[in-house]
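In what follows, a single structure is set out as structure tokens and then discussed.
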Amino acid sequence: MTVEPYEITQTKPSKSFAIEPSGAKPLRRFNPTRIMLYSVLLVAAVYYLLPLYVMMMTSLKGLPEIRLGNIFAPPVEITFAPWAKAWDTACTGLYCEGLKVGFWNSVKITIPSVVMSITIASVNGYALSNWKFKGSEVFFTILIFGSFIPYQVMLYPLVIVTRELGIFGSLQGVIFIHTIFGMPILTLLFRNYFAALPEELFKAARVDGAGFWGIFLKVLVPMSAPIFVVAVILQVTGIWNDFLFGVIFSGVKNFPMTVQLNNIVNTTQGVKEYNVNMAATLLTGAVPLAVYFFSGRFFVRGVAAGAVKG
Amino acid sequence: MNSISIRDLSLNFGEATVLDQLNLDVAEGEFLVLLGASGCGKSTLLNCIAGLLDLSEGQIIINGKNVTWAEPKDRGIGMVFQSYALYPQMTVRGNLTFGLKNAKVPRDDIEHRVNRAAQMLQIEPLLNRKPGQLSGGQRQRVAIGRALVRDVDVFLFDEPLSNLDAKLRAELRVELKRLHQKLRNTMIYVTHDQVEAMTLADRIAIMRDGVIQQLADPFTIYNQPVNKYVASFIGSPAMNFLDGAYGVDGQPSFTSDTLDIALGRYTFKTRAEDNRPIYLGIRPEHVWVGDAAQEQPFRSDISVEVVEPMGSDTLVWTSLGNQPFHFRMDGQATVNVGDRLPIGFDPVQASLFDKTSEIRL
Amino acid sequence: MSIAKRPNPLFRNLNAKIAALPMIATTLLVFLGCSIWTVIYSFSKSRALSLNEFVGFAQYERLFRTSRWLISMENIVIYGVLSLLISFVIGFILAALIDQKIRFEDTFRTIYLYPFALSFIVTGIVWQWILNPSLGIQETVRSWGFENFTFDLIANRGTVLYALLIAGIWQGTGFVMVLMLAGIRGVDREIWNAARVDGIPVWKTYLFVIVPMMRGVMVTTLVIVAAGIVKLYDLVVAMTQGGPGIASEVPAKYVYDFMFARANVGQALAASTVMLTTVLIILIPWVYLEYGKKKAQR
């Protein structure tokens, strides 16, 4: 998929990823160097794929088979019972209702957080790129450097603030926190994208009498679909994978999937059901993995956002 | 009445002064070209007039209304940009009507204006296409149409032809001229291309470092540049500048180690003192060769160093009085390196500049 | 001629200013306000809520007498240095290999990057399982006949950190690789032609020509990865819970535990202030380099 936000101009918004390899000319098809090259790449690929394979195999085995002690062996007898249990009846601390509760909590947290954070950050990015005012760059710089501050530093005051607002330990609370901490990277993303669009377009819209919101909604947003896709991918994976904010701000009832997964696996009582654990792990990883495999280059652009400014 | 008046306009970005105490009056229906090298402030000035940049000092009056702090849409201007700046997600019709819809123009009126503009620019068949499906020339027509439908008295052009190839540029240039003759709107046109400036302008303002160097009709600019910068900026190939001193030995003359050129009927703007270092500028096309040279007040023999045939004419590089010198010959003439040729020119067609101030004498 | 007065600059672009309010509020109240609050109250006595009794550096003195904190600091330094080193080397090598006009480039890249899409919790649990001494790799290899094979990093106080490292590298190297690849491909193609004409071997070109030209990408990646390492928390919670004993504790976990589990807020705030200081030590030279340079160019 190509990510060309504005096909008319010659300027490409944001130096995205060159598609062509730039390295040395390819050597002949089969020579020792080439074989070495592919061997190294394949060994690395095995290292990266191994955990996924092990998870899959373990989750399809029965416990007795697991105790035989070969994590690489494919299941002799395939069973989906661990999956069913992980989803429906596994115990997460006090309750034994499985991961489905966490799944729906994560959905309830992720969707509003993504919408809120992207809405606010896109408007911020637009204001910063096209309507600079005195001090706007200063705020932006602090915002970006603020994103490097460890969350731990700001946690306690935020607990107090959300408690005062009456949203501590609720869905609103965790959504509020995600919106705040999504702001730096998303604002940077949108600001860079909008700043790379031809400035004349913005000027033309002003001459045409469109105001602040008119230009944003009627001119910029319709031509910025790619960057919104990138932002959605970035936020969906980021918020779905969050643990810290979920465990602190959402409240026991609303624990997201990651927190519940950790509770299932790391509870000390009872027999360890490794197959159920692995099924639960796969279930938790399924959403971001699906997003990753289906979005391809958009994800790459998202993770590299801001890091590669040229 | 003046269509546009600019009073003491200054613009600073931090400590950098981009425009400095600039004054400019544009008459109604005039085609004014702002010409200069990149970074001279010409586009900045245009953006100030359009209201796209806030000025630091000064006033801007358009059609008798002080619009210094008015929004771009309220200034009665239409603008055409270098990159066309068409909204990519809208059709051509959408692009033309966007401003009118924002201004809440009645629908019948919109329809009428769009049709009229489309007809005038011959873009009727394109109305339902998206900008991405158009060629560069078509896009620029649409962009002009977008200014046209606004029914305004003042058009601002920001290097509108720079993104087009040479052939299209020549075509659209003529079309713009026709459009101006038909509409008689005030037009301010920014370019770095001297051909566009010379061919289109009623008056040209040559800018440098945020200051207007000379504001005059193309003929005056070409023949009587006010300073050495203007003289070297206009004309291609560029004017020759001979380095020497002014002398009044019986009659005014230009002298260097090896040259002595009687200035004859040259019309001085200011008197220069004796022995003052000056430049003598003469355009390559004002130098005569061969028999024609015999009738010129100043004559000399040169030897040809480099020949550049261009087809319509031929450029010859040589030296005159040990200083580099070039001139233009008929394209059909055959010249070879090493040939000795008689040349001559009339100092009336020359320009003299003070060497330190570079101002015309 | 009428003279138009300059409008009040406060109301110029008022909409833009209103639109930027959430960002301004976040900047001032959260990133600046909350951080400053934490620093100030790290000097307070507080166990739970009454935060107003200030005790100077007492919390810090206690902090640096606590062996759990000292181990946490030591762990994060060792983990950080090794993690940076390894992920940069492997990330760059993978990027350079992928850059060799290989077939299935997209497939390889997709494989190397997918762990980055996963939660640290998922990563931690998977590797906890794979490294499990009684049923994981160790047992598997033993069942193949290598009876004396030992691979019990995770169960050993001295080596548990390397177990974390294996998981962390697995998750993070793909990210480094992607940025490196972008950096490599951002270098002008003409450079390659020039190097070929000069007869410089490919590996030398990478090492002595391309790498120095990628300074910007390298530094940015370094800062992002380093700032991420300081935050290391989820992985430890999911994989080792700080164990065995307190062998794999990290600062972020110390803060969390003292803040919520042990309700000793003053201690937690002091610890997080130390974390903040650490990040500033990484960040300030970078800011100085990036922005000082830009100013000098002007």
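The values are calculated or read from the model by the stated rules, or taken from the named source; none is laboratory data. Quantities reported herein were computed from a predicted structural model and do not represent experimental measurements. When we count neighbours, we look across all protein chains shown, and the Cβ atoms used for this are built from the backbone with ideal geometry, even at glycine. Areas reflect the complete protein model, heavy atoms only, side chains present, ligands, DNA and RNA absent. Shrake-Rupley method; radii C 1.70, N 1.55, O 1.52, S 1.80 Å.
Of everything in the stretch A:40-75 that's open to solvent by 50 Å² or more (accessible area, probe 1.4 Å) and not in a helix (DSSP H, G or I), which residue is modelled with the highest pLDDT? Reasoning before the result, please.
In the first step, residues of the stretch A:40-75 are kept if they are open to solvent by 50 Å² or more (accessible area, probe 1.4 Å); the result is A:40, A:42-43, A:46-47, A:49, A:53, A:56, A:64, A:67-68, A:74.
Now narrow it down to the ones that are not in a helix (DSSP H, G or I): A:68, A:74.
Numbers: A:68: 79, A:74: 86.
Filtering first and then ranking leaves A:74.
Just checking, which of B:31, B:13 is of a type in the set (Phe, Trp, Tyr) and either under 24 Å from residue B:216 (Cβ atoms) or modelled with pLDDT of 90 or more (or both)? Walk me through how you get there before you give the answer.
Numbers: B:13 fails: either under 24 Å from residue B:216 (Cβ atoms) or modelled with pLDDT of 90 or more (or both).
Sole residue among the options that is of a type in the set (Phe, Trp, Tyr) and either under 24 Å from residue B:216 (Cβ atoms) or modelled with pLDDT of 90 or more (or both): B:31.
The set of residues from the stretch B:1-20 being free of Cβ contacts under 8 Å to residues at least 24 places away in the same chain and part of a strand (DSSP E or B) comprises B:13, B:16.
Go through B:203, B:208, B:271 for me and flag whichever is among the basic types (Lys, Arg), assigned by TED's automatic domain parsing to the domain that holds residue B:299 and either touching a His at 6+ places or on another chain (Cβ under 7 Å) or on the phi < 0 side of the Ramachandran plot (or both).
Numbers: B:203 fails: assigned by TED's automatic domain parsing to the domain that holds residue B:299; B:208 fails: assigned by TED's automatic domain parsing to the domain that holds residue B:299.
The match here is B:271.
Within the stretch A:182-196, is there a residue that is part of a loop (DSSP other than H, G, I, E, B), touching a Ser or Thr at 6+ places or on another chain (Cβ under 8 Å) and open to solvent by 10 Å² or more (accessible area, probe 1.4 Å)? No, the conditions are met nowhere in the stretch A:182-196.
Being outside any helix (DSSP H, G or I) and within 9 Å of another protein chain (Cβ to nearest Cβ) is the filter; apply it to the stretch A:145-169 and report the residue that is nearest to residue A:196 (Cα to Cα).
So the first thing to find is which residues in the stretch A:145-169 are outside any helix (DSSP H, G or I), and the list is A:147-150, A:166-169.
Going one step further and asking which of them are within 9 Å of another protein chain (Cβ to nearest Cβ), we end up with A:147-150.
Values: A:147: 23, A:148: 25, A:149: 28, A:150: 30 Å.
Only one residue tops the list, namely A:147.
Exactly one residue among B:255, B:267 is in contact (Cβ under 8 Å) with a residue 40 or more places away in the chain and farther than 17 Å from residue B:36 by Cβ, and that residue is B:267. The set of residues in the stretch B:230-248 being open to solvent by less than 40 Å² (accessible area, probe 1.4 Å) and within 13 Å of the chain's Cα centre (by Cα) consists of B:230, B:231, B:234, B:235. Pairs linking a residue in the stretch A:281-310 that is at pLDDT below 90 to a residue that is assigned to a helix (DSSP H, G or I) and of a type in the set (Asp, Glu), with Cβ atoms under 9 Å and 6 or more positions apart or on different chains, are A:296/C:106; A:297/C:106. When each of A:65, A:77 is tested for being among the charged types (D, E, K, R) and within 12 Å of chain C (Cβ to nearest Cβ), the lone residue that passes is A:65.
With respect to (1) crowded, with 20+ Cβ neighbours inside 10 Å; (2) closer than 14 Å to residue A:123 by Cα; (3) in contact (Cβ under 8 Å) with a residue 40 or more places away in the chain, the lone exception for residue A:219 is condition (3). Among the criteria (1) part of a loop (DSSP other than H, G, I, E, B); (2) within 31 Å of the chain's Cα centre (by Cα), the one residue C:185 does not fulfil is (1).
Mind listing whichever residues of the stretch B:45-75 are closer than 11 Å to residue B:10 by Cα, touching a residue at least 24 places away in the same chain (Cβ under 8 Å) and open to solvent by 30 Å² or more (accessible area, probe 1.4 Å)? Scanning the stretch B:45-75 gives B:56, B:57. The number of residues in the stretch B:313-356 that are assigned to a loop (DSSP other than H, G, I, E, B) and either in contact (Cβ under 8 Å) with a residue 24 or more places away in the chain or not assigned by TED's automatic domain parsing to the domain that holds residue B:288 (or both) comes to 12.
To keep it simple, each residue is scored yes or no on (1) modelled with pLDDT under 90; (2) buried (at least 18 other Cβ atoms within 10 Å of the Cβ); (3) not assigned by TED's automatic domain parsing to the domain that holds residue B:30.
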position: B:151; (1), (2), (3): yes, no, no
position: B:157; (1), (2), (3): no, yes, no
position: B:176; (1), (2), (3): no, yes, no
position: B:187; (1), (2), (3): no, yes, no
position: B:193; (1), (2), (3): no, no, no
position: B:199; (1), (2), (3): no, no, no
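Among the residues in the stretch A:112-121, are any without any contact (Cβ under 8 Å) to a residue 40 or more places away in the chain and either in the same structural domain as residue A:249 (by TED's automatic domain parsing) or open to solvent by 70 Å² or more (accessible area, probe 1.4 Å) (or both)? Show your work before the answer.
First pass over the stretch A:112-121, keeping only residues without any contact (Cβ under 8 Å) to a residue 40 or more places away in the chain: A:115, A:119.
This time we only want the ones that are either in the same structural domain as residue A:249 (by TED's automatic domain parsing) or open to solvent by 70 Å² or more (accessible area, probe 1.4 Å) (or both), so: A:115, A:119.
Yes: one or more hits.
Does any residue of the stretch A:127-144 turn out to be over 30 Å from residue A:201 (Cβ atoms), assigned by TED's automatic domain parsing to the domain that holds residue A:238 and in a helix (DSSP H, G or I)? Looking for residues that are over 30 Å from residue A:201 (Cβ atoms), assigned by TED's automatic domain parsing to the domain that holds residue A:238 and in a helix (DSSP H, G or I), one finds none in the stretch A:127-144, hence no. Restricting B:139, B:150 to residues that are part of a helix (DSSP H, G or I) and under 25 Å from residue B:184 (Cα atoms) narrows the list to B:139. Screening residue C:98 against (1) open to solvent by less than 20 Å² (accessible area, probe 1.4 Å); (2) more than 10 Å from chain A (Cβ to nearest Cβ); (3) not polar (S, T, N, Q) leaves a single unmet condition, (2).
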